[in-house]
Amino acid sequence: MANTPAGRLYVVATPIGNLGDLSPRARQVLEGCALVAAEDTRHSGVLLRHFQIATPLVSLHEHNERRRAPQLLARLTAGADVALISDAGTPAISDPGFELVRAAIEAGVEVVAVPGPCAAIAALSIAGLATAEFSFLGFLPARASARRRRLGELAAEPRTLVFYESPHRLGEMLADCASAFGATRGAALGRELTKLHEQVHRGTLGELAALAAREADVSRGELVVLVEGAAVAAADAPGGSSSGAPLDQALRVLLEELPLAQAARLAARICGARDNEAYRRALALRATSGSQ
Ligand code: SAM
């Protein structure tokens, strides 16, 4: 029986906003494959039509990946080249694809990367935080208690932390980060990268939490949150040895950005203090420093 050589599984990165970021090689591979497996065929149909790529699309998303993977493997082992893409960026990075990649490796199918955009790497490359080592955490748990527990586990992590976050949770997430890591820990927020309303905010966690609380626009669109690792900021973390109580430190930062009552409420949340205690301290600090 003549053996047909197996096809290849190409894992192809696609733009995270700017269509100019689709690489010439990615385009060539998408054109040349027998099939494109996409997270959302309607969404990716727009991309393929834009580049006049007529390759048929099949869906591969988190709900059908286990069922779909064997079907795609059958095509691959029969000799077809298959491209895997997600809605944006690099497949299998907080996106479907891992199961198919693993199944292909186990079946002896060659898996080839066609690298390109990835929001986490794009944000890290411009955040101004240490890049020699970093820890990618994807999305934090949606439930506040689980999120705070996870952040507590990460408080001593010395590498730069990289998170994806959704717009409606950003404010809470930044306040929780300030609480878990200390309001003076460095951070950055990459928003709508490569798109029309692209923005990068850099500052302390307290400043970014205050900014998100003050300006609704900061939370709009797609977001990457980066936090400085613990080694450089350990002394500033809650329970650390820096000068001044954590509540006062948080208040000093927040009073520069927010009205007193709002600063006090946020500082109380960050430091686990009572609202009225934070309010009293805020009044005292304003009286001594002349802050707003
Ligand atoms: N696989 C993708 C990648 O390589 O970046 C990530 C997919 S994940 C489901 C989507 C999340 O990535 C968004 O919620 C946001 O946190 C982040 N993201 C995607 N595009 C972005 C952009 N243009 N700017 C900032 N963050 C982005």
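The values are calculated or read from the model by the stated rules, or taken from the named source; none is laboratory data. Predicted model, so just to flag it, every value in this text is computed and none were measured. No Cβ is skipped: glycine too gets one built from the backbone with ideal geometry, and neighbour counts run over all protein chains shown. Note: areas computed on protein heavy atoms with side chains; ligands, DNA, RNA excluded. Shrake-Rupley method; radii C 1.70, N 1.55, O 1.52, S 1.80 Å.
Overview of values
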{"quantity": "Dipole magnitude of the chain, debye to nearest 20 (Cβ charges: Lys/Arg +1, Asp/Glu -1, about Cα centre)", "calculated": "460 debye"}
{"quantity": "Spherically averaged projected area of region 35-185 from its Cα convex hull (nm²)", "calculated": "11.3 nm²"}
{"quantity": "Value of relative contact order over region 8-117, rounded to a whole percent, pairs C-alpha under 8 Å and six or more apart", "calculated": "46 percent"}
{"quantity": "Cα pair count fraction exceeding 17 Å, expressed as % - region 244-292", "calculated": "14 percent"}
{"quantity": "Accessible surface of region 121-167 [probe 1.4 Å, protein heavy atoms]: carbon and sulfur percent", "calculated": "57 percent"}
{"quantity": "Stretch gain in nm, segment Val111-His168, where the contour uses 0.36 nm per residue and the Cα spacing is subtracted", "calculated": "16.9 nm"}
{"quantity": "Low-density loop cleavage sites - GluC sites (Glu not before Pro) in region 145-194, where at most 12 other Cβ are within 10 Å (DSSP)", "calculated": "none"}
{"quantity": "Extended-chain gain in nm, criterion 0.36 nm per residue less alpha-carbon gap, Val58 and Asn276", "calculated": "72.7 nm"}
{"quantity": "Computed E for His43/Ala261 - FRET, C-beta separation, R0 30 angstrom, nearest 0.05", "calculated": "0.10"}
{"quantity": "Distant-in-sequence amide H partners of Ser59 (H built 1.01 Å from N, under 5 Å)", "calculated": "Ala38"}
{"quantity": "Square roots of 5 times each gyration tensor eigenvalue, C-alpha, region 8-117, largest first, Å", "calculated": "20, 14, 13"}
{"quantity": "Long-range Cα-Cα pairs in the chain (distance over 24 Å), rounded percent", "calculated": "57 percent"}
{"quantity": "For region 32-101 and region 199-222, distance of Cα centres in Å", "calculated": "35 Å"}
{"quantity": "Overall Cα dimensions of region 114-194 - principal axes, largest extent first, Å", "calculated": "38, 26, 22"}
{"quantity": "Sites matching GluC sites (Glu not before Pro) across region 38-141 that sit in DSSP coil, with at most 13 neighbouring C-beta atoms within 10 Å", "calculated": "Glu62, Glu133"}
{"quantity": "Net charge contributed by nearby residues that have their C-beta within less than 12 Å of Ile85 (K/R +1, D/E -1)", "calculated": "-3"}
{"quantity": "Sorted peptide list for 200-210, 28-38, criterion being average Cβ within 10 angstrom, highest first", "calculated": "200-210, 28-38"}
{"quantity": "Contact order relative to length of the chain, as percent, for alpha carbon pairs under 8 angstrom and 6 or more apart", "calculated": "16 percent"}
{"quantity": "Residue-averaged [θ]222 nm for the chain, counting only DSSP H segments that reach four residues, each worth -39500 (n - 2.57)", "calculated": "-12500 deg cm²/dmol"}
{"quantity": "Solvent-accessible area per residue for the chain (1.4 angstrom probe, square angstrom)", "calculated": "49 Å²"}
{"quantity": "Region 50-62 - phi-based ³J(HN,Hα) in whole Hz, Karplus 6.51/-1.76/1.60, Gly and Pro as x", "calculated": "4, 9, 6, 9, 9, 4, x, 10, 10, 8, 9, 10, 4"}
{"quantity": "Val11 long-range amide H proximity, modeled H, under 5 Å", "calculated": "Leu84, Val112, Ala113, Val114"}
{"quantity": "In Hz, Karplus ³J(HN,Hα) per residue of region 279-287 (6.51, -1.76, 1.60; θ = phi - 60°; x = Gly, Pro)", "calculated": "5, 4, 5, 4, 4, 5, 5, 5, 5"}
{"quantity": "Distance histogram in 10 Å bins (all Cα pairs of region 79-158, percent per bin)", "calculated": "14, 33, 33, 17, 3"}
{"quantity": "Beta bridges by DSSP in the chain, antiparallel share as percent, to the nearest 5", "calculated": "45 percent"}
